[in-house]
Amino acid sequence: MKDFRNRDRDYRDREHREKERDREFRDRDRDLRERDRDRERDLRDRDRDRDLRERDRDRDRDRDLRDRDRDRDYLRDRDRDRYEQNDNKNESDEGGEDSYSYFEENEEFDKNKDFNKQKALKKKFEKNEEERVRPSSVILLRGIHPNNSVETITDHLKVYGPLEKIKFVKDRVTGEQKGIAFAEFVLLEDAVAFREAYAKNNYKALIDGALLQIEYSKQAAKKNAKQPKPGTEFRDWLCPLCQKSNFARRIECYSCHAPKPENPEFCTVVIEEKEVPSPVLVLRGLDVHTTEDTIRRIFAVYGTLRDIRLIKDRGAQTSRGFCFVEYYTNEAIINDIEML
């Protein structure tokens, strides 16, 4: 009897498991059908959108073609009418002074346009020429051959005065010389003397078998014009009424608007170069395991620290070997350098 009950219970459990499995299969089939239905709907929507885009594109292209043809026909008809009117006018006037054809008008317009273009190019050339001949302590050398010796060119330049530095421009990929060099003299007078020495040869020098073109550097000339060197004097003038100092370019006082006299009293302002230490120190050659706490503990002895910026690698978050230490005062920097 007990075995019979166990067999019935096993049979019911087996039926229950089969029903659960059938329900799972039905659910899976329903999910597959829904997924297929959604995919088909998406494909239909995509095809419909593509058809709409193509139809709009074709319609816009056709409209542009019609507009272009209409404009072309209009211009052709207008030119034909003008040509016929000018021919009739020329026939009636028998080639008099008032005969002025449409094509002659266009030709004169083209001439004026070319004239304005040439005028603009001439103005630009004059501006470049003015910048090119503006004195500068940096000399630009063109036409250097790759076989020319750097030492020979440097020795030739040192005859006219000491050099601050000389830089030969090279290609970044191949490392070969590009035929250009920048030579900076210590004194402006030496650079001017070097260039004027070859004025008779159209500012061309034969150095080490190469004919070099000598020019002033435009960038250096602009920089010198905007930022005068220390020791230069400005002839600013004093107003005789209010005794205010005015720039040399002013024609009237900025304060009382009094006109600039013919022989004004000048005031001389001398720009002196002063070296002021920066409150920021740059530390290089640090170990990869260096931290901001270590740097703060070492450099806080010399003064009050304002900020420490340790440059770290983005991925590993370790030190990249350099750091910026900022103090509140310059005296701390001086003490720090003296102690180190």
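Other residues lying with their Cβ under 15 Å from the Cβ of GLY161 contribute a combined charge of -3, Lys and Arg counting +1, Asp and Glu -1.
Taking 0.36 nm per residue of separation and subtracting the current Cα-Cα distance, fully stretching the chain between ARG76 and VAL301 would add 72.2 nm. Ligands, DNA and RNA excluded, the heavy atoms of VAL301 present near 120 Å² of accessible surface to a 1.4 Å solvent probe. ARG44 exposes around 130 Å² of accessible area when a 1.4 Å probe is run over every protein chain in place. With 24 Å as the limit on Cα-Cα distance, the pairs of LYS170/LYS200; LYS178/LYS218; LYS167/LYS204; LYS158/LYS218 that go past it are LYS170/LYS200. For LYS178, the amide hydrogen comes within under 5 Å of the amide hydrogens of VAL169, LYS170, ASP171, counting only partners 5 or more places away or on other chains and with H modelled in the peptide plane. For ALA258, the residues whose modelled amide H falls within less than 5 Å of its own, excluding neighbours fewer than 5 places apart on the same chain, are CYS253. Summing charges over all other residues whose Cβ lies under 11 Å from the Cβ of PRO146, with Lys and Arg as +1 and Asp and Glu as -1, gives 0.
The values are calculated or read from the model by the stated rules, or taken from the named source; none is laboratory data. Note that the structure is predicted; figures quoted are calculated from it, not measured. A quick note on method: Cβ atoms are made from the backbone with ideal geometry, for glycine too, and the neighbour counts reach across all protein chains shown. For the accessible areas, the whole protein counts, side chains as well, though only heavy atoms, and no ligand, DNA or RNA atoms are used. Shrake-Rupley method; radii C 1.70, N 1.55, O 1.52, S 1.80 Å.
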